[in-house]
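Chemist: Submitted below is the structure of interest, expressed as structure tokens.
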Amino acid sequence: MKIDSKMAEFEVTGVRYQMGDNLSMEEMTLLAENFISRLANGTPMLLVAEPDNIVDPDAVAVYTADFRKVGYIKHESCRQLKPMLETAPYIRAEVCGNDHHVTLFINVPDVPEHHLSMQQTQRQLPESILPKGITLPYTEEERKLQIIAPMLCNMEFSAENIDQWLSTAEHYIPLSRLSLTREDDCWRDQIYKKFRAAKQFNLSESQEEKLTKMSDTLRRTMGDFHYAQVRWQPQVFNKQLAILEQCSMAKGGFYEHFDNYVRRQSVSKADIEKQLKDWFKSMPHVELQNHNNHKQLAITLSYLGISRQELYDVYAALLVLEHLKEGEQKAPTNVNGDIIIAKLTPVFWGISEDAKEFYRTIQGMKPVEITNYVKKLVKQKNISASRIHRELWQVLHDAGLYPPSESNWNDQLKK
């Protein structure tokens, strides 16, 4: 039996935020779960474009038949519906299931499932000013991702070849958290649909266990990328940038190509630095104009739905700017602060901008104010809970920012 859906399935997100104002997250979640559980399969829905949406001009809102807004089509899938909504005020749809929590699934007729490997995205960012000869090459892992993900998305699978499909999926799962592009978002979404669809087969116990484990892992990954408190995008961004920087240092690597280009062309490094900074300043979104704010860069680039080449253009620009800093002498007054920030950065998931903000904020704070601030950051998941005890205390204590003892620090964190 092959899976052959006549209607495309879409995920509806943000349901809990339509439950009312001035509610806690727990209250919104409970109301959303109750609401979704009462929606029978086949319940009619209406999809309406929101081109004036200030967050996402491609947004597609979901309404019940009595015109109550219940959420939005998942961001990655909106553009698939856009052509239909350009010629009609709304699209009819129907409920086809839920995840027993706060996510709803709907079917939309006359929207064919598309081959994601062929999907094209319009360029969102200005063309890079770096010449093609010093383009940053993709990592080997990302090249593998570009092979395995579309293979899974486009593979017709049945009860007879489910083992082969699951085996291929096992290669994909470790790569699913690798990158921030729209293509990767769409692949995650489509592969998760395949996991759900595979449950209709009569699977063996081992197949069922393997399927459930991979499906749960992918679901958590998708949630991490889009749950604002987790801030997974900056972690992915900085991790990949660090890997690319390491590769760039190798003989025959990106930095060597750049230095050879500068020598051959007799180009001023100062001019290149200015051009790259001006490139960031020319970005169409203000959140992308500060090249030093990697956290904001990562979140915005992910949400905009950029292509892989655009992401690597940004990485290349950042690496060149960092490379040009080499040999520059830092002001003596900043040395101690830079050392402290470097030691704080691992505690902040490797995000140096967050470490700098923390260091700046706690200046002049009393010890109890610092621990209260740390507890707030833990609750917001802006800081690694596993590293806030001895590691964070030691850095602050050695710097004279938190004079009390380690036991005092831990006691305050427990309150």
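The values are calculated or read from the model by the stated rules, or taken from the named source; none is laboratory data. Because the structure is predicted, anything quoted here is derived from the model rather than measured. Note that we place each Cβ from the backbone using ideal geometry, even for glycine, and neighbour counts take in every protein chain shown.
Chemist: Quick one: in the range 373-391, of everything that is part of a helix (DSSP H, G or I) and of a type in the set (Ser, Thr, Tyr), which residue is surrounded by the most Cβ atoms within 10 Å (Cβ to Cβ)?
Modeler: Tyr373
Chemist: Hey, among the residues in the range 124-136 that are at pLDDT 85 or above and not β-branched (Val, Ile, Thr), which one's nearest to Tyr255 (Cα to Cα)?
Modeler: It comes out as Leu136.
Chemist: Sticking with this one: Please work out which residue is modelled with the highest pLDDT, limiting yourself to the range 253-301 and to residues that are among the hydroxyl-bearing types (Ser, Thr, Tyr) and out of contact with any Asp or Glu (no Cβ under 8 Å at 6 or more places or on another chain). Give the derivation first.
Modeler: Taking the range 253-301 as the starting set, the residues that turn out to be among the hydroxyl-bearing types (Ser, Thr, Tyr) are 255, 261, 266, 268, 282, 300.
Pick out the ones that are also out of contact with any Asp or Glu (no Cβ under 8 Å at 6 or more places or on another chain) and you get 255, 261, 266, 268, 282.
On the way: Tyr255: 89, Tyr261: 85, Ser266: 77, Ser268: 82, Ser282: 94.
The selected residue is Ser282.
Chemist: Being farther than 26 Å from Ser302 by Cα and not hydroxyl-bearing (Ser, Thr, Tyr) is the filter here; which residues of the range 150-195 pass it?
Modeler: Met155, Glu156, Phe157, Ala159, Glu160, Asn161, Ile162, Asp163, Gln164, Trp165, Leu166
Quick grid of which residues meet (1) closer than 21 Å to Asn292 by Cα; (2) in the same structural domain as Gln296 (by TED's automatic domain parsing); (3) of a type in the set (S, T, N, Q); (4) not in a helix (DSSP H, G or I):
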{"position": "Lys343", "(1), (2), (3), (4)": "yes, no, no, no"}
{"position": "Pro346", "(1), (2), (3), (4)": "yes, no, no, no"}
{"position": "Glu357", "(1), (2), (3), (4)": "yes, no, no, no"}
{"position": "Gly364", "(1), (2), (3), (4)": "no, no, no, yes"}
{"position": "Thr371", "(1), (2), (3), (4)": "no, no, yes, no"}
{"position": "Trp393", "(1), (2), (3), (4)": "no, no, no, no"}
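Chemist: To continue, here is another question. List the residue pairs whose Cβ atoms are under 6 Å apart, where the first residue sits in the range 337-357 and is in contact (Cβ under 8 Å) with a residue 24 or more places away in the chain, the second is among the acidic types (Asp, Glu), and the two are 6 or more positions apart or on different chains.
Modeler: Short answer, once both residue conditions are applied: Phe348/Asp354.
Chemist: What are the residues in the range 83-110 that are part of a strand (DSSP E or B), charged (D, E, K, R) and either modelled with pLDDT under 85 or over 16 Å from Ala40 (Cβ atoms) (or both), if any?
Modeler: Across the range 83-110, the qualifying residue is only Arg92.
Chemist: Which of (1) part of a helix (DSSP H, G or I); (2) at pLDDT 85 or above; (3) touching a helix residue (DSSP H, G or I) at 6+ places or on another chain (Cβ under 9 Å); (4) of a type outside the set (A, V, I, L, M, F, W, C) is the odd one out, the single condition Ser179 does not satisfy?
Modeler: Condition (1) is where Ser179 drops out.
Chemist: So, one more: Evaluate the following for Leu321: is it among the hydrophobic types (A, V, I, L, M, F, W, C), modelled with pLDDT of 90 or more and crowded, with 20+ Cβ neighbours inside 10 Å?
Modeler: When the stated conditions are applied, Leu321 does not pass them.
Chemist: Keeping to the range 40-71, report how many residues are assigned to a strand (DSSP E or B), without any contact (Cβ under 8 Å) to a residue 60 or more places away in the chain and touching a helix residue (DSSP H, G or I) at 6+ places or on another chain (Cβ under 9 Å).
Modeler: 7
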